[in-house]
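Scroll down for the structure; my scribbles are underneath it.
The values are calculated or read from the model by the stated rules, or taken from the named source; none is laboratory data. Since the structure is predicted, the reported quantities are computational estimates derived from the model, not experimental observations. So basically every Cβ, Gly included, is an ideal-geometry build from the backbone, and we count neighbours across all protein chains shown. Accessible surface is based on the protein model in full, side chains and every heavy atom, while ligands, DNA and RNA are left aside. Shrake-Rupley method; radii C 1.70, N 1.55, O 1.52, S 1.80 Å.
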Amino acid sequence: MRLVLLGPPGAGKGTQSARLMEKYHVPQLSTGDMLRAAADAATEAGLTAKAIMEKGGLVPDETVVCIVADRIAAPDAKTGFILDGFPRTVRQAEELDKMLAARSAGLDVVIELRVDDAALLARVAKRAKDTSAHGGVVRSDDNPEAVKVRLAAYHAQTAPVANFYAQRGLLKTVDGMAAVDAVTKEIEQLLDG
Ligand code: AP5
C-alpha cells in the first residue's frame with residue numbers, strides 16, 4: 001500500500017498514521033519527524049530547516065525531496081508506506097511521481113483530512129499545553145504565531161496538491177473533525193473497500 005495522508009497542521013496525520021502502520025504493516029514516513037531528527041543531529045540541512053520550521057514556513061523543496069528519496073529507497077519501504085506531511089507543494093508531488101515511476105510503482109490513494117482552522121488551532125494549543133503539563137518538550141513551532149504561518153502555508157502551497165491528485169483520480173477526503181476512532185474507521189473503509 002502506498003498512501004499519502006494530506007492535511008493541515010493538527011489534522012491528525014500523525015495520529016492516524018501510527019494506527020494505520022500497525023494494521024497494514026507499512027512504515028510511516030513523516031517529513032516533519034525526519035527534519036526534526038536532522039535538526040537535532042545538527043546537520044547543515046537540519047540547521048537550515050530548523051530556523052524555517054520554528055517560524056512555521058516550508059523547508060525548500062530540494063531539501064525535502066532529497067530526504068524522502070533516500071527514505072523511500074530503504075528496504076522497509078519497498079512494499080509500501082504512509083507518507084505523512086509529504087508532498088506539501090505541487091513540485092514535491094511531481095518529484096514523488098518521478099521517484100515512484102523510476103520504480104515502476106505508483107500511489108494507491110491520497111487521503112485528505114479536512115478540519116476547520118479553529119479546531120486546528122485549538123488542537124495544537126491543547127497538545128502544547130498537555131506536553132508541558134507532562135514535563136515534555138513543546139515543539140518549537142507549536143505556538144500561536146507559528147501555527148498561523150503553518151496554516152497559511154497549507155492553504156497557499158499545499159491545498160493545490162489536493163487538486164493535483166483529484167485531477168489524477170487519486171484523492172479521497174475524510175471528515176477529520178470526527179473523533180479519532182471514527183476517522184480511523186472511515187480511512188480503513190476507503191483502504192479496504
Ligand atoms: P509536520 O511535523 O508534518 O507538522 P504538521 O503538518 O504541522 O502537522 P502536526 O504534526 O502538527 O499535526 P498532525 O496532522 O500530524 O496531527 P496530530 O496527529 O499530531 O511539519 C512540521 C514542519 O516541518 C512544517 O511546518 C515545515 O516547516 C516542515 N516540513 C515538514 N514536511 C515538509 C515538506 N514536505 N515540505 C516542506 N517543509 C516541510 O494531531 C494533533 C493533535 O490533535 C494531537 O494532540 C492529537 O491527539 C489531536 N487529534 C488528532 N486527531 C484528532 C481528532 N480526530 N479529534 C480530536 N483531536 C485529535
In the stretch 16-36, which residue that is of a type in the set (A, V, I, L, M, F, W, C) and open to solvent by less than 20 Å² (accessible area, probe 1.4 Å) is farthest from the ligand (Cβ to nearest atom)? 26
Being in contact with a helix residue (DSSP H, G or I) (Cβ under 9 Å, 6 or more places away or on another chain) and of a type outside the set (Gly, Ala, Ser), is that true of even one residue in the stretch 126-135? no
Given the criterion modelled with pLDDT under 95, within 12 Å of the ligand (Cβ to nearest atom) and over 30 Å from residue 122 (Cβ atoms), identify the matching residue among 63, 48. 48
Do we find a residue being over 29 Å from residue 175 (Cβ atoms) and open to solvent by less than 70 Å² (accessible area, probe 1.4 Å) anywhere in the stretch 109-131? no
Being over 18 Å from residue 160 (Cα atoms) and either out of contact with any strand residue (DSSP E or B) (no Cβ under 8 Å at 6 or more places or on another chain) or in a helix (DSSP H, G or I) (or both) is the filter here; which residues of the stretch 89-106 pass it? 98, 99, 100, 101, 102, 103, 104
Of the conditions (1) in contact with a Lys or Arg (Cβ under 9 Å, 6 or more places away or on another chain); (2) surrounded by fewer than 18 Cβ atoms within 10 Å (Cβ to Cβ); (3) touching a residue at least 60 places away in the same chain (Cβ under 8 Å), the single one that residue 90 does not satisfy is (1)
